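First comes the structure, then the notes that go with it.
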Amino acid sequence: MSLYKENRNTLQMINKIAPEEMSALVRRYRILRAIALLEPVGRRTISLSLDFSERTVRNETEKLHMQQLIVVSREGMKVTEEGKNLLTNMEPFVKSINGISEMEKHLADLLGIEKAYLAEQGCKDSPSAKKELGRIAADVLLRSISKESKIALTGGSTLANMVESMPFFHTKKAELVLPARGSIGGILEQQADTLAAGLAEKLGARYKLLQLPDHMSQKAFEEMKQEPLIQETITQIKQADVLILGVGNALEMAQKRQVDSAVYEFLLKKGAVAEMLGYYLDSNGTIVYSSYSIGLRLEELSRIKKIIVVAGGKSKAEALAAVCCKMPQAILITDKMTAKEIYKRIGKKTRDIEAK
């Protein structure tokens with residue numbers, strides 16, 4: 001029996017005979033993790049983030065401080081190096097205790113993808129939720145690349161948290177980082193160009209930019225494609241072997257990008273549920289509409305070795321199911337609540353098909 005299995009069995013026995021002690025262990029782990037994500041941070045923010053009472057947070061942080069796992073100053077609480085090492089070593093055990101490891105395997109099997117990773121999200125819209133997704137995405141990316149890797153990525157707040165979570169490396173970790181598509185418009189810090197440059201700096205890699213509008217007219221689209229520098233960048237994007245992909249709810253993204261009202265009604269009529277790379281998909285993963293956007297095309301995804309899909313929130317459950325069903329090489333990073341919603345959606349869809 002492996003050491004991991006022995007330790008897991010020991011934890012399960014402790015949970016059986018003293019569940020209150022196991023609950024305390026998980027609670028302190030979650031508080032320590034939240035501090036690491038939000039540091040420097042105060043107790044009230046941790047309380048709101050995890051939906052714990054302020055009294056509970058105060059009692060537990062005092063114990064963490066006594067164990068020298070956190071330091072407390074006027075700025076707020078921070079995790080010590082010992083605390084960070086403890087978080088790394090405890091993560092697989094806590095996931096096993098909470099049943100998250102089993103949920104990850106079930107979700108990957110259900111969607112027919114390579115692997116799934118779940119963040120145990122705090123209360124809705126907590127400040128630590130996207131940061132935790134970003135932390136996991138950064139860890140998964142590091143395990144998926146080599147010095148020769150060419151990485152393409154989309155924009156968005158969750159991927160911005162991934163870049164923020166990525167540590168700086170003094171040695172080269174990848175060859176090239178590129179935006180997966182044009183990205184002018186929206187919040188500068190969350191644009192694919194900005195994130196590509198930031199990620200490249202941290203990985204010691206080169207980068208290329210694609211400073212183009214996210215959506216454009218067909219005439220402008222055809223003209224821009226002929227520009228030599230743009231053609232060169234597109235060629236390199238098509239050579240990417242790792243893609244970090246954000247996925248959105250179709251109607252929410254259509255409103256955010258202020259599409260024409262006729263297009264919005266068309267998406268509604270066609271049952272669009274997901275948006276990625278400028279494509280709008282229905283629940284079966286079928287394209288119902290695409291914008292004129294320069295960058296990676298949907299038909300080119302099948303040749304990419306690793307696709308890391310990062311998104312969280314119950315409203316994106318149907319979108320993630322629609323996207324992942326077309327990508328067997330995908331690694332999905334989402335949260336526990338979204339995973340449960342995906343189970344429901346797929347279960348309902350299966351029952352509807354069987355009823356016909």
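For Ala119, only one of the following conditions fails: (1) touching a residue at least 24 places away in the same chain (Cβ under 8 Å); (2) over 25 Å from Leu141 (Cβ atoms). What is its number?
(2)
Of all residues in the stretch 69-98, which are among the aliphatic types (A, V, I, L, M) and touching a Gly at 6+ places or on another chain (Cβ under 8 Å)? Working first, answer last.
Residues of the stretch 69-98 among the aliphatic types (A, V, I, L, M): 69-72, 77, 79, 86-87, 90, 94, 97.
Leu69, Ile70, Met77 - these are the residues of the stretch 69-98 that are among the aliphatic types (A, V, I, L, M) and touching a Gly at 6+ places or on another chain (Cβ under 8 Å).
Specify the residue that is modelled with the highest pLDDT; the eligible residues are those in the stretch 262-284 that are under 25 Å from the mean Cα position of the chain (by Cα) and among the hydroxyl-bearing types (Ser, Thr, Tyr).
Restricting to residues being under 25 Å from the mean Cα position of the chain (by Cα) and among the hydroxyl-bearing types (Ser, Thr, Tyr), the top hit is Tyr280.
What number of residues in the stretch 88-102 are surrounded by fewer than 17 Cβ atoms within 10 Å (Cβ to Cβ) and either under 15 Å from Leu37 (Cβ atoms) or of a type in the set (A, V, I, L, M, F, W, C) (or both)?
Residues flagged as surrounded by fewer than 17 Cβ atoms within 10 Å (Cβ to Cβ) and either under 15 Å from Leu37 (Cβ atoms) or of a type in the set (A, V, I, L, M, F, W, C) (or both) within the stretch 88-102 amount to 2.
Find the residue count for the stretch 272-293, including only residues that are buried (at least 24 other Cβ atoms within 10 Å of the Cβ) and assigned to a loop (DSSP other than H, G, I, E, B).
Taking the stretch 272-293 as the starting set, the residues that turn out to be buried (at least 24 other Cβ atoms within 10 Å of the Cβ) are 272-276, 280-281.
The next check asks that each one be assigned to a loop (DSSP other than H, G, I, E, B); those that pass are 272-273.
Looking only at that region, the number is 2.
Which pairs do you get when a residue that is touching a residue at least 60 places away in the same chain (Cβ under 8 Å), found in the stretch 289-303, comes within reach of a residue that is among the charged types (D, E, K, R), reach meaning Cβ atoms under 7 angstrom, with the pair 6+ apart or on two chains?
Ser293/Arg181; Ser293/Asp214; Ile294/Arg181; Ile294/Lys225; Gly295/Arg181; Leu296/Arg181; Glu300/Lys238
Take Lys115 and decide whether it is touching a helix residue (DSSP H, G or I) at 6+ places or on another chain (Cβ under 6 Å), at pLDDT 95 or above and open to solvent by 50 Å² or more (accessible area, probe 1.4 Å). If you could, list the steps in order and put the result at the bottom.
Details: touching a helix residue (DSSP H, G or I) at 6+ places or on another chain (Cβ under 6 Å): yes; at pLDDT 95 or above: yes; open to solvent by 50 Å² or more (accessible area, probe 1.4 Å): yes.
Yes: the conditions hold for Lys115.
Could you tell me which residue of the stretch 126-164 is farthest from Arg33 (Cα to Cα), considering only residues that are modelled with pLDDT of 95 or more and of a type in the set (Val, Ile, Thr)?
In this case the residue turns out to be Ile151.
Mind listing whichever residues of the stretch 1-47 are modelled with pLDDT under 90 and either within 24 Å of Ser73 (Cα to Cα) or not in a helix (DSSP H, G or I) (or both)?
Met1, Ser2, Ala18
When you scan the stretch 95-111, do you find a residue that is of a type in the set (Val, Ile, Thr), assigned to a loop (DSSP other than H, G, I, E, B) and closer than 19 Å to Ile331 by Cβ, even just one? Quick ask: steps written out before the conclusion?
Here is the first cut: in the stretch 95-111, the residues of a type in the set (Val, Ile, Thr) are 97, 100.
Next cut, assigned to a loop (DSSP other than H, G, I, E, B) only: none.
No: the stretch 95-111 contains no residue that is of a type in the set (Val, Ile, Thr), assigned to a loop (DSSP other than H, G, I, E, B) and closer than 19 Å to Ile331 by Cβ.
Test of understanding: among Gln231, Gln255, which residue is open to solvent by 50 Å² or more (accessible area, probe 1.4 Å), under 22 Å from Ser157 (Cα atoms) and not in a strand (DSSP E or B)? If you could, list the steps in order and put the result at the bottom.
Details: Gln231 fails: under 22 Å from Ser157 (Cα atoms).
Just a single option satisfies the conditions, and that option is Gln255.
Would you mind telling me which numbered condition in (1) in a strand (DSSP E or B); (2) touching a residue at least 24 places away in the same chain (Cβ under 8 Å) Val71 fails?
(2)
The values are calculated or read from the model by the stated rules, or taken from the named source; none is laboratory data. Since the structure is predicted, the reported quantities are computational estimates derived from the model, not experimental observations. Note: ideal-geometry Cβ built from the backbone for every residue, glycine included; neighbour counts use all protein chains shown. For accessibility, only protein heavy atoms count, side chains too; no ligands or nucleic acids. Shrake-Rupley method; radii C 1.70, N 1.55, O 1.52, S 1.80 Å.
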